[in-house]
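Have a look at the structure below, then the notes.
The values are calculated or read from the model by the stated rules, or taken from the named source; none is laboratory data. These figures come from a predicted structure and were not determined experimentally. Positions of Cβ are backbone-derived with ideal geometry, glycine not excepted, and every protein chain shown enters the neighbour counts. SASA here: full protein model, heavy atoms, side chains in, ligands and nucleic acids out. Shrake-Rupley method; radii C 1.70, N 1.55, O 1.52, S 1.80 Å.
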Amino acid sequence: MVEQVINKVREPPNPKKIYRAALELSHQCDNVLKSTQILDETNKFSFPELFSPDNAAIRDKLRTYAERLIIPSSQFSRKGEDLIWKKVFYDVITSCRATKAHLSSPAKLPYRAHLMSAVGYYQHLLLKLQQQYHLNLCGVVDFAHDFSSSDTQVPDAILEEGISAVHRCLLYLGDLARYQAETEGINYKSISARFYHQALLICPKEGRPHNQLGTLAGINYEGLEAAYHYMKCLSSKIPFPGAGDNLKGIFNKTVSVSKDVMCSPESYPPTRRFLICFLLLADKLSGPVSMSEVDQLVRGLGGDFADCYTDNRQPFPPALVLKIVTMAIMLAENALAPGVDTVQPKLIPALVIELMTTILTVTIQQLGEKLSSPDNQFQSLQISGNVEEERSVVMLHVISTQSLLLPLKILGDWIKARHQLIAQDLTGTFWAQFGDLLNLFPHTRDLERIVKEGFSQSQQQQKIALPEDVALRGLAPLSTLHSQLEFPPMSPDLNLLDEFALRLLCLKSVGQFAAQLRPRPGLQYDLNSDLYSSLLAKPQVRSMITDRERTMKAMAHRRLQSEIKGLEYSVSANQYDSLSPFLVPVTSTVCLHLRTVKLLVATQRSVIIIPKQVIQDLDSLKKSRENHYARDAIKYFESMFKNGNWWLRGQGDQEFMSVKEPAPSPEMAGFLSVLSCCLYLANKSQGIVTLLVPDDAVSAAKNHKNCNAPNNYTGSLPVGRETLMELAKSLRYQSPRVALEFYSKWLMSNSMWKDLVAGQNDGTDSSLVFKII
């Protein structure tokens, strides 16, 4: 008898019974909403009734029952999700928003609390779903944890069910953040968009996130951003039914505004004129149109777009230009679909080509000006041993500021995918322009060294998804390309230069693809020189002095001039009192006088080299809690090395000179390593190198108001200055000259330095450093 009772207790709950109980509670929630609506019709305030403790308790109980249908999974899981969203949260939200009572003082607080409760619940549910279905969504969603296990094999059908549940959960969170934006501020719109984009990463075939993003965009950029998302939704494998009506609403507004634009185009700025005309063209191409009217619009768009970018301006963010290009591609895809018998097949590819030609022209002009400008800043680049590679990095830094390369990359991918259908529209003039752009890029081999595993040169194939690929994932004509790419979270993180190097390789692959087509479209490629030329002019490739070669030589020349100008002061009449080209601090200096090191970097008068030995010492010192100054130095150097700074860099792998003499003691071995770096730099610069050494580590720290006395300090300088000088003399070819008052003398003689540290005296010892000649 007892065993029967125990078995009955352990018996899992019946999903049907739970669902029936949940339905009864659902009906009670409906009755509450009806009663509040009746009260509202009598002009009585109904929202205290909606948020009363009794009615809130009913919703909480319904949520508990419905969640038992979801976790663990059952045949009623989907219905349980709907009950929680609609009856527990959404109906209450829509009832408040319908009368805008949620914006008034009495109802605002309970309404906000209701939204926050919903957000907290779905964040909690998101983790539970990942755990139940053994998902690993780290790097894809915010609230992620790796619940995957090699011991647990989840069937594909169950896994797909879990992914769909997480997808809907992210949509709910996006909707809730969008509602919160009405009461909490527009910052919640970015949170809402983030959830929608995460939903797209989970299920790129679903169109509903794009519909929600379109609603969120509103009238931004004359409604073009919203129109993009509605079109993307309709082109998805699983479109959202309401997106068509939403798109039509955008087009109707555009038609009413476009009448004034057509009558007096000069009264509108180029940016607004372009956006309105582009939307008008998209509307006309969705049905029967007049060929002459559309042709005029297509040709006018190129001029309007070019006008927007006059005087080197960047009027549109890269994401918007990418959306414009994608809309043009989607229009072309609709026209090129089998069975379409209108003027569109002739006109819409022309729209894409017109846009790409204009973007090419603008990009070549802007990029050429930037690469040849004498105002380029090279100070953020470090010196490397390979001059050619260094020039390529310089060029890549400049090219990375050109945002129009993102849409060009997508256009190039589309041309490769649809070259058979649009070959007649790609003229020799177009390919000549495309070749001119590719000739401005660094050499392919240098780009490959930067990208490494991200691109297969032998197969001319991209391996890692770029941000524009992630944004257009699911676009039908690019599906073959996307199937070969690694998307987040599997794809490795790329920095900005890596991304642009990969982007340039992708664009170059389009040029090589075109050069291999038969018959040739007007472009030829020389493998040895990595140059492209047009078959129209038939130039001799080997006799050409290309823009890229001229640019690289000009940049190298200006780089050398910049170095010479920056070091001219070091050869003054009294050169021993002037600042030398290179400053090399030891570990004690960067720990006890980090602020002084920062000020020396800020003067931009000498290059400060951080030896590898110093980095090793700091790494050892940071493990002690008392050595907070070592951790501060590491954080500063990591930040500077990551962002790049001409005036501060680390010691190169080959930047040392072998020293035959052994160190006098084990304690001096570290200092000997630093001296070998100094000797190399002195030999390379054929000048002087300044070694930054505190007079006495302990006393200097005690006198420094920003440092605690390092009683347990174990840096690389346990001995005094005189001992170090003796060691330096024994290793140097010439006798070292000592400038005991170097810091104070240069401080008094340099007006820039005095202005920088005016009023910031920190009590630093005036005999902070000495100089090795």
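Structure above, values below:
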| read-out | value |
| --- | --- |
| Per-residue SASA entry for V393, accessible area with 1.4 Å probe, Å² rounded to 10 | 40 |
| Area of T94 that stays accessible when all protein chains are in place (1.4 Å probe, Å², to 10) | 40 |
| Along principal axes, Cα extents of segment 186-229, largest first, whole Å | 29, 22, 10 |
| Candidate residues K409, K189: accessible-area rank, largest first, probe 1.4 Å | K189, K409 |
| Solvent-accessible ranking of M116, M640, largest area first, probe 1.4 Å | M116, M640 |
| Calculated SAXS-style log₁₀ I(q)/I(0) at q = 0.23, 0.25, 0.26, 0.29 Å⁻¹ - segment 159-218, Debye, Cα scatterers | -0.82, -0.93, -0.99, -1.15 |
| Accessible-area value, E222, 1.4 Å probe, nucleic acids and ligands omitted, Å² | 70 |
| Radius, Kirkwood style, for segment 115-213 when every pair of distinct Cα atoms is counted (Å) | 13.8 |
| Cubic angstrom per residue, convex hull over Cα atoms of segment 391-480 | 120 |
| Accessible area in the full protein assembly, largest first, 1.4 Å probe, for Y268, Y532, Y680 | Y680, Y268, Y532 |
| Rg in Å to one decimal, and Dmax rounded to a whole Å, for segment 169-271 via C-alpha atoms | 15.4, 48 |
| Within segment 464-482: backbone nitrogen closer than 17 Å to the K237 label point (7 Å, Cα to C-beta) | 470-482 |
